[in-house]
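Visitor: Dumping the structure here so I can ask a few things about it.
The values are calculated or read from the model by the stated rules, or taken from the named source; none is laboratory data. The structure displayed is predicted, hence computed values, not measured ones. Because the Cβ atoms are built from the backbone with ideal geometry, glycine has one as well, and the counts that use them run over all protein chains shown.
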Amino acid sequence: MAGVAAVQEHEFTIGLPSDRCNLSDDPHALKLYTDGNCYKNPGGAGAIACVAKFPESWNRDDEVIFKEGFYETSNNRMELQACIKAY
């Protein structure tokens with residue numbers, strides 16, 4: 001496994017797909033959004049992340065579950081790694 005790179009801290013707003021469309025009719029569903037990417041695919045630096053969107057009844061703000069960076073990787077690897085880690 002490639003070495004873990006430092007992930008820079010940035011303030012950002014979370015724009016989730018559910019803000020633009022209705023992905024689930026279940027108002028009690030916990031939704032996890034994952035993503036992975038790689039710059040200069042393959043062989044460049046990459047990152048993975050997961051954001052949780054809680055049901056309104058839970059009265060919790062959206063939360064970043066994890067975010068990690070990697071030195072040398074591929075886009076496919078990062079997309080899959082994000083899903084596996086979220087599971």
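Visitor: Can you tell me which condition Cys50 does not meet? The list is (1) outside any strand (DSSP E or B); (2) modelled with pLDDT of 95 or more, and all the others hold.
Guide: Status for Cys50: all satisfied but (1).
Visitor: So, in the stretch 45-87, of the ones that are touching a Cys at 6+ places or on another chain (Cβ under 6 Å) and of a type in the set (Val, Ile, Thr), which residue ends up surrounded by the fewest Cβ atoms within 10 Å (Cβ to Cβ)?
Guide: Once the filter is applied, the top-ranked residue is Ile65.
Visitor: Could you check, for the stretch 4-18, whether at least one of its residues is among the charged types (D, E, K, R) and at pLDDT below 60? Don't jump to the end; show me each part of the working.
Guide: Let us first name the residues in the stretch 4-18 that are among the charged types (D, E, K, R), namely 9, 11.
Still in the running and at pLDDT below 60: 9, 11.
Yes, that holds for at least one residue.
Visitor: Shifting gears a bit: Could you please find all residues in the stretch 58-87 being in contact with a Gly (Cβ under 9 Å, 6 or more places away or on another chain), of a type in the set (Gly, Ala, Ser) and assigned to a helix (DSSP H, G or I)?
Guide: Passing the criteria: only Ala82.
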